[in-house]
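Worksheet: the structure to be examined is printed underneath.
The values are calculated or read from the model by the stated rules, or taken from the named source; none is laboratory data. Bear in mind that the values here come from a model prediction, so they are computed numbers and not experimental data. We place every Cβ from the backbone using ideal geometry, glycine too, and count neighbours over all the protein chains shown.
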Amino acid sequence: MRQSGIAGVTALVTGAGQGIGLAVARALLTHGARVAAVDRDPEGVDRLAEEHPDAVVGYRADVAQPAEIDAVVDAAERELGPIGILANVAGVLRGGPVVDYRDEDWAATFAVNTSGVFHTSRAVARRMVPRRRGAIVTVASNAAGVPRVGMAAYAASKAAATMFTKCLGLELAEHGIRCNVVAPGSTDTPMQRALWTEEGPARVIAGAPDTYRVGIPLGRLAEPDDIADAVVFLVSDQARHITMHDLYVDGGATLRA
């Protein structure tokens, strides 16, 4: 089997305290990476660091604050070594109809989902460029490509993060740095469960004609590990000729519209 090229590499993962971010961090550890686990809530990343004291350092930082991210990237390179992998996973979802949507919710959504990707990618890319190597993956959403009722801010912020990552990939290609996107559909995470009605996941899987939402053809929600596996592939040597790609991992829910 071909080597993944991940072993011994330092990876920085945002939103690593729970859900998809935690799954990405664990998957990278399985492949031998050292992980700088970043989250606004330190509990999850501290627990991960306790489980893997020789391979993980947990950092508390808000991706919406560029000074905090710059400080974390400096610390991670000092304590774990040059960052070769970045996984932008931190995200928030504040739903609601546009006509009733609050300015502060719009600003908070873009601060994390879009500006957070910018802040972190910029800080890491500045260090990758002189080394002429690295891989960046942004975890966006299939909502970035398909309109959703009550999710305008979330969808727009993820669409912006997706295009930003592709533009970054174009700029960094000459330096041998690859930038890709993973677009999950409904995934069994705390964020997803907060949206469920009394029907639980059944309505999500079946779809909802009243909101013009297609169901999931494969008949199941994604697990965080499903998304993590896609991230690992895109940062690995197996994807060495893939950049500016947008990989949907949604069980066919968008019909790849």
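Summary table
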| read-out | value |
| --- | --- |
| Some residue of region 92-103 being under 20 Å from A228 (Cα atoms) and either touching a residue at least 12 places away in the same chain (Cβ under 8 Å) or in a loop (DSSP other than H, G, I, E, B) (or both) | yes |
| Helices (runs of 4 or more DSSP H) within region 177-257 that include 2 or more residues modelled with pLDDT of 95 or more | 224-235 |
| So A239, is it more than 16 Å from the chain's Cα centre (by Cα), under 27 Å from A16 (Cβ atoms), among the aliphatic types (A, V, I, L, M) and surrounded by 15 or more Cβ atoms within 10 Å (Cβ to Cβ) | yes |
| Hey, L255 more than 30 Å from V129 (Cβ to Cβ), loosely packed, with under 14 Cβ neighbours inside 10 Å, touching a residue at least 12 places away in the same chain (Cβ under 8 Å) and of a type outside the set (G, A, S) or not | yes |
| Hey, A144 over 15 Å from the mean Cα position of the chain (by Cα), surrounded by 18 or more Cβ atoms within 10 Å (Cβ to Cβ) and of a type outside the set (S, T, Y) or not | no |
| Residues satisfying the stated conditions in region 134-163, i.e. over 17 Å from Y248 (Cα atoms) and assigned to a helix (DSSP H, G or I) | A152, A153 |
| Candidate set: region 44-74, residues that are part of a helix (DSSP H, G or I) and in contact (Cβ under 8 Å) with a residue 24 or more places away in the chain; chosen: the one surrounded by the most Cβ atoms within 10 Å (Cβ to Cβ) | V45 |
| Lone unmet requirement of (1) touching a residue at least 12 places away in the same chain (Cβ under 8 Å); (2) farther than 30 Å from A33 by Cα for A107 | (1) |
| Residue list for region 10-43, restricted to those being of a type in the set (V, I, T) and buried (at least 24 other Cβ atoms within 10 Å of the Cβ) | V13, T14, I20, V24, V35, V38 |
| Any pair with Cβ under 7 angstrom, 6 or more apart, that starts in region 163-179 at a residue that is at negative phi and surrounded by 15 or more Cβ atoms within 10 Å (Cβ to Cβ) and ends at one that is of a type in the set (S, T, Y) and outside any helix (DSSP H, G or I) | T165/T138; G169/T243; R178/T243; C179/T243 |
| Pairs with Cβ under 6 Å, 6+ apart, first in region 128-141 and charged (D, E, K, R), second modelled with pLDDT of 95 or more | R132/H175; R132/G176; R133/G176 |
| Region 75-85, subset among the small types (G, A, S) and buried (at least 20 other Cβ atoms within 10 Å of the Cβ), residue farthest from the chain's Cα centre (by Cα) | A76 |
